[in-house]
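A short write-up of the structure that comes next.
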Amino acid sequence: MSVPEFTITRTFDAPRETLWRAWTDPTLAARWWHPHEVTTPAESVSIDLRVGGSYAYLMIDPDGGEWPATGEYLEVREPDRLRFTWVSPDDERGDEVPVITVDLAEAGEGRTLMTFHMARHPDDRGSEHGVYDGWTEAFEELDGVLASSTAR
């Protein structure tokens, strides 16, 4: 039986160090760790960036629905790799929790190639509140953050 998974590959118009900060700085993360039409309050984001450290954030949809997320860092290799679990705090799936790996590679001319891989989660694009589409939209939000001078 194969493990459900998906990969999103995207090139961003920003240096690798800037993209690393977008993933690891709570103030920047709050600006894009959510799909369109959803917000992540800055005060909800905490990041303890070390192997065994955790992170947490809260997404709030326009109707007031709350979507908390948390996880543990499994690998931290600045500036090119993060690997971490990604769950809802009340999720009790044991060893079957989704694991995200983010690889950042220099793509020349100040650009960065990001490979985002989620294991233990199906490719659910097109479904309501789908994780694949939610991350795709979050990366579109990240494009906007990176285009602003405050991310640099």
Review point. Out of all the residues in the range 69-113, which are under 22 Å from PRO4 (Cβ atoms), over 16 Å from the mean Cα position of the chain (by Cα) and among the charged types (D, E, K, R)?
Key: ASP90, ASP91, GLU92, ARG93, ASP95, GLU96
**Study point:** Every residue from the range 10-68 that is within 13 Å of the chain's Cα centre (by Cα) and open to solvent by 60 Å² or more (accessible area, probe 1.4 Å)
**Key:** ARG21, ARG31
Review point. Do we have any residue at all in the range 80-87 that's open to solvent by 50 Å² or more (accessible area, probe 1.4 Å) and either out of contact with any helix residue (DSSP H, G or I) (no Cβ under 9 Å at 6 or more places or on another chain) or of a type in the set (A, V, I, L, M) (or both)?
Key: yes
Check your understanding: Are there any strands (runs of 3 or more DSSP E) wholly within the range 4-77 with 3 or more residues that are under 24 Å from ALA105 (Cβ atoms), and if so which?
Key -> 5-12, 66-77
Point to revise | ASP103 on the phi < 0 side of the Ramachandran plot, modelled with pLDDT of 90 or more, open to solvent by less than 60 Å² (accessible area, probe 1.4 Å) and assigned to a helix (DSSP H, G or I) | key: no
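Just to check your reading of the model, which residue among GLU37, GLU75, GLU96, GLU43 is of a type in the set (D, E, K, R) and within 20 Å of THR136 (Cα to Cα)?
Values: GLU75 fails: within 20 Å of THR136 (Cα to Cα); GLU96 fails: within 20 Å of THR136 (Cα to Cα); GLU43 fails: within 20 Å of THR136 (Cα to Cα).
Residue meeting the stated conditions: GLU37.
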Check your understanding: Out of (1) part of a loop (DSSP other than H, G, I, E, B); (2) in contact with a strand residue (DSSP E or B) (Cβ under 7 Å, 6 or more places away or on another chain); (3) at pLDDT below 95, the odd one out for HIS129 is which?
Key -> (2)
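The values are calculated or read from the model by the stated rules, or taken from the named source; none is laboratory data. Predicted model only: the values in this text are computed from it and were never measured. No Cβ is skipped: glycine too gets one built from the backbone with ideal geometry, and neighbour counts run over all protein chains shown. Note: areas computed on protein heavy atoms with side chains; ligands, DNA, RNA excluded. Shrake-Rupley method; radii C 1.70, N 1.55, O 1.52, S 1.80 Å.
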